[in-house]
Structure formats: C-alpha cells, structure tokens
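Enquirer: Shown below is the structure under consideration.
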Amino acid sequence: MARRTPRPAAAVPEPGTPPAEPPLADDDFVSSLRNELSRRQEAAGARTGEDLSHRGELNKRLLQDLWEVHNQFEEVSVHLTLDPSQTLFATFAEYPTKWTFRETFDFGSVKTIELADRAQGWVGFTLRFWYYRTAEGASHLRGIFEWCDGESYHRYSGWMRMMSQAVLYDAPEDSVNVRELHRVLRDVVVQWYAAHLEKNPATFVAHLKEKYPKGASYAKESYR
C-alpha cells in the first residue's frame with residue numbers, strides 16, 4: 001500500500017496578529033489600466049520604430065558632414081569635438097579620412113548631434129542639431145548655432161555664461177530637405193572658418209545675428 005504524504009500543517013497566527021485582509025475587489029480599474037498602458041506602449045513602439053528608421057539615415061548624413069567639417073578645421077589647427085564621438089560611429093582604416101560607418105552603432109537612437117569649438121577664445125561656440133516634438137506631437141529636426149555673449153557674476157549662482165542662439169534650420173523630420181540643409185551648413189561653416197582665420201569671433205556672431213532668426217538665450221554655469 002502506498003504511503004500517504006502528510007499534509008503540511010496550516011500556519012497558526014501568533015496571538016494578537018490581525019487576520020490577513022483579502023485583496024480588494026477589482027472594479028475594472030486595474031485591468032483596464034493595464035490594457036490601456038499596454039496599448040499605448042505598442043503604439044509608441046510602432047511609431048518609434050518608423051521614426052528611428054528614417055532618423056538613422058538623417059543622422060548618418062549629419063555625422064558624415066560634420067566629421068568632414070571637423071577635419072577641414074583640423075587642417076588649420078582649430079580643434080573641434082564631435083558628439084557622438086567618431087570612435088563610436090566610425091571604423092577607421094586610416095585616421096581621419098578613410099573610414100566606414102560602424103555596423104553595431106544605433107544611428108536611429110541619436111537625438112542630438114553637435115560640433116563644439118575648443119579653440120581658445122571660442123568656448124561655447126557650438127553647432128547643434130536635435131530632434132524634438134511639437135505641441136501637436138510631430139517630430140522636427142532643428143539646427144542652431146550657439147555662442148557665448150560674455151560672463152556675469154550672480155550673487156547666489158556665481159559666474160555664469162550668457163548664451164545666445166541663432167536658428168539655422170527647422171523642419172518636420174519626415175520632410176527634411178537635405179539640399180537646403182547643406183546650403184545653410186555651407187554658409188555657416190564658411191563664415192565660422194573665415195572668422196578663425198581672422199581670429200575674430202565677433203564677425204561670425206554678427207553674421208549669425210544678421211542672417212538667421214534669434215533662438216533661445218539662457219545662462220549656464222561658467223566652471224571657473
């Protein structure tokens with residue numbers, strides 16, 4: 001005869017321990033919330049996948065263009081830094097001119113690309129492109145050039161840089177005109193380069209103020 005497995009003894013609560021309360025009855029809030037959040041997640045995933053596919057190609061174009069700008073400035077001993085770094089998105093056969101895109105880099109996930117000037121007297125001068133969403137939810141690509149208008153001391157925050165921007169380009173992500181983008185980029189880069197040769201940032205700032213709409217102004221910590 002098979003031996004019976006003894007049943008585990010029921011846990012006996014200690015004296016004075018209040019009885020466990022059963023879960024509250026579901027009034028459909030939890031299940032409906034879970035379903036709605038799941039639906040939103042799926043919709044966002046589908047939308048993101050579509051946007052990132054197109055965005056990846058745009059980012060490849062921008063990174064290739066800005067890396068070439070970087071190299072042209074290096075030839076006259078003007079140091080610029082690219083973000084994301086070339087070590088992340090490129091594989092070099094011969095640095096810095098012979099390279100290919102790194103297959104393992106996720107170009108579609110890049111939301112901001114910038115080329116920053118590191119030359120003495122040019123700190124804060126930055127060419128930047130980034131993606132943002134309008135109030136209606138449409139994805140846009142915006143390009144700006146940013147520079148430092150000087151520094152001022154604030155009693156509670158210390159030394160602050162006063163930053164200004166010129167808006168170079170802004171268009172819906174799905175209808176970016178690469179030819180127009182290159183026209184603007186060529187104008188800005190030529191003026192930037194010429195101002196370095198003349199060692200006069202003021203001429204470049206004057207050009208930006210005259211030709212392009214004014215963007216945001218803000219203060220940032222100086223890190224003195």
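Enquirer: Taking the convex hull of the alpha carbon atoms in the range 55-221, what volume per residue do you get, in Å³?
Expert: For the range 55-221, the hull spanned by Cα atoms encloses 137 Å³ per residue.
Enquirer: Write out the GluC sites (Glu not before Pro) in the range 116-151 meeting two conditions: DSSP loop, and at most 15 other Cβ atoms within 10 Å of their Cβ.
Expert: Glu136
Enquirer: Between Ala138 and Gln64, 0.36 nm times their residue separation minus their Cα-Cα distance comes to what?
Expert: 24.1 nm
Enquirer: How far apart, in nm, are the 7 Å Cα→Cβ label points at Glu103 and Val123?
Expert: Here the answer is 4.3 nm between the modelled labels.
Enquirer: Additional query: In nanometres, what is the gap between the two model label sites at Phe92 and His182, each 7 Å from Cα along Cα-to-Cβ?
Expert: Between Phe92 and His182, the simple spin-label model gives 2.5 nm.
Enquirer: Let me know the charge dipole size of the range 55-221 about its Cα centre in debye, to the nearest 20, where only the beta-carbon of Lys, Arg (+1) and Asp, Glu (-1) is charged.
Expert: Working: 20 positive and 23 negative charges, 58 e Å.
So the dipole magnitude of the range 55-221 works out to roughly 280 debye.
Enquirer: While we're on this one: Enumerate by residue number the GluC sites (Glu not before Pro) in the range 61-117 meeting two conditions: DSSP loop (anything except H, G, I, E, B), and at most 13 other Cβ atoms within 10 Å of the site's Cβ.
Expert: For GluC sites (Glu not before Pro) across the range 61-117 that sit outside H, G, I, E and B with at most 13 neighbouring Cβ atoms in 10 Å, the list reads Glu75, Glu103.
Enquirer: Right, another one. Would you please give the FRET efficiency between Ser175 and Ala202, computed as 1/(1 + (r/R0)^6) with r the Cβ-Cβ distance and R0 = 30 Å, to the nearest 0.05?
Expert: For Ser175 and Ala202, the calculated efficiency is 0.25.
Enquirer: On full extension of the chain, what length is gained from Tyr193 through Ser31, given 0.36 nm per residue of separation minus the C-alpha to C-alpha distance?
Expert: 52.3 nm
Enquirer: Count neighbours as other Cβ atoms within 10 Å of each site's Cβ, and list the trypsin sites (Lys or Arg not before Pro) in the range 56-115 that are DSSP loop with at most 13 such neighbours.
Expert: When the trypsin sites (Lys or Arg not before Pro) of the range 56-115 are filtered for loop state and at most 13 Cβ neighbours within 10 Å, Lys111 remain.
Enquirer: If contacts are Cα pairs under 8 angstrom and at least 6 residues apart, what is the relative contact order of the range 55-221 in percent?
Expert: 17 percent
Enquirer: Then there's this: May I ask for the distance between the Cα centers of the range 92-128 and the range 169-224, given as a whole number of Å?
Expert: After rounding, the separation between the Cα centres reads 17 Å.
Computed from the coordinates by the stated procedures, all read-outs in this text should not be read as laboratory data. Quantities reported herein were computed from a predicted structural model and do not represent experimental measurements. Neighbour counts run over all protein chains shown; Cβ positions are idealised from the backbone, glycine included.
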